[in-house]
Amino acid sequence: MKSRALWIDCGDNNTRFFHNFANHRRVSNAIWDILDTNGEVVNSQQELSIEAIKHFKGIFTDPGLTRIDSKLKVLQQIPRLFSEEDNWILERPVTLLELEKILKSCEKEKSSGLDGWTVEFYLGFWYMVGTEVLHMVEETRRMGLIIGALNSTFIALIPKISKPTTFDEFHPISLCNFIYKIISKVIAKRIKPLLTNAITSE
């Protein structure tokens with residue numbers, strides 16, 4: 001009984017330690033105040049949200065300095081680097097086996113995205129969700145675009161310095177939906193062997 005009581009005490013102490021550690025981490029990672037574009041301090045949740053949206057919306061918005069027709073004219077002057085056979089490799093239908101290999105190559109225990117799912121979930125329940133995932137990936141391949149719901153992300157802010165005072169001193173990273181990651185990995189894995197034809201050593 002004594003040993004059991006001692007074990008319970010240690011467990012309580014450990015719980016208290018990790019609870020305090022988590023609270024300290026949450027407090028230290030929180031943004032309590034920031035300088036806005038006018039150099040004034042804002043510290044309310046509403047003001048911080050408005051300033052963050054304004055700042056990062058400006059970063060992620062296309063400035064639109066070049067018209068689309070001008071871009072197309074420039075692209076037409078670039079020689080074709082991929083053959084018809086290469087195009088077939090890039091655009092061929094996706095298979096379940098291809099998706100499984102990509103899942104097994106993904107890093108484990110990574111932060112989840114907007115959908116909340118991780119690679120461990122897909123690997124564990126692939127027999128249930130595999131066909132649905134394949135249909136979704138294939139639909140994006142046939143349509144040539146990714147729907148907005150899959151393209152939605154969480155933006156996490158990583159401080160560049162110990163005590164940032166403006167949003168410029170944060171590095172934003174996007175926590176993407178896992179389906180989006182699968183689609184991007186399919187494209188990357190297919191295009192990687194062809195890059196030697198498109199990139200010179202000079």
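The values are calculated or read from the model by the stated rules, or taken from the named source; none is laboratory data. Note that the structure is a prediction, hence the values are computed from the model and not measured. Positions of Cβ are generated from backbone atoms using ideal geometry, with glycine treated the same way; all protein chains shown enter the neighbour counts.
Things worth noting here:
- Of residues in region 80-99 being outside any loop (DSSP other than H, G, I, E, B) and of a type in the set (A, V, I, L, M, F, W, C), the one surrounded by the fewest Cβ atoms within 10 Å (Cβ to Cβ): Leu97
- Among the criteria (1) surrounded by 10 or more Cβ atoms within 10 Å (Cβ to Cβ); (2) over 30 Å from Asn38 (Cα atoms); (3) at pLDDT below 75; (4) not basic (Lys, Arg), the one Thr66 does not fulfil is (2).
- Here Lys110 fits the description: within 29 Å of Leu48 (Cβ to Cβ), charged (D, E, K, R), outside any helix (DSSP H, G or I) and touching a helix residue (DSSP H, G or I) at 6+ places or on another chain (Cβ under 8 Å).
- Some residue of region 77-96 being farther than 30 Å from Lys189 by Cα, modelled with pLDDT of 70 or more and not β-branched (Val, Ile, Thr): no
- Only one of Ser152, Ser162, Ser174 that is among the small types (Gly, Ala, Ser), exposed (fewer than 13 other Cβ atoms within 10 Å of the Cβ) and not assigned by TED's automatic domain parsing to the domain that holds Glu51: Ser162
- The selection criterion, being surrounded by 11 or more Cβ atoms within 10 Å (Cβ to Cβ), among the aromatic types (Phe, Trp, Tyr) and under 18 Å from the mean Cα position of the chain (by Cα), does not hold for Phe125.
- Every pair of residues 6+ apart whose Cβ atoms lie under 9 Å, when the first sits in region 33-48 and is outside the structural domain of Leu157 (by TED's automatic domain parsing) while the second is modelled with pLDDT under 80 and assigned to a helix (DSSP H, G or I): none
- Within region 139-176, the residues that satisfy the criterion of being in a helix (DSSP H, G or I) and at pLDDT 80 or above are Glu139, Thr140, Arg141, Arg142, Met143, Phe167, Asp168, Glu169.
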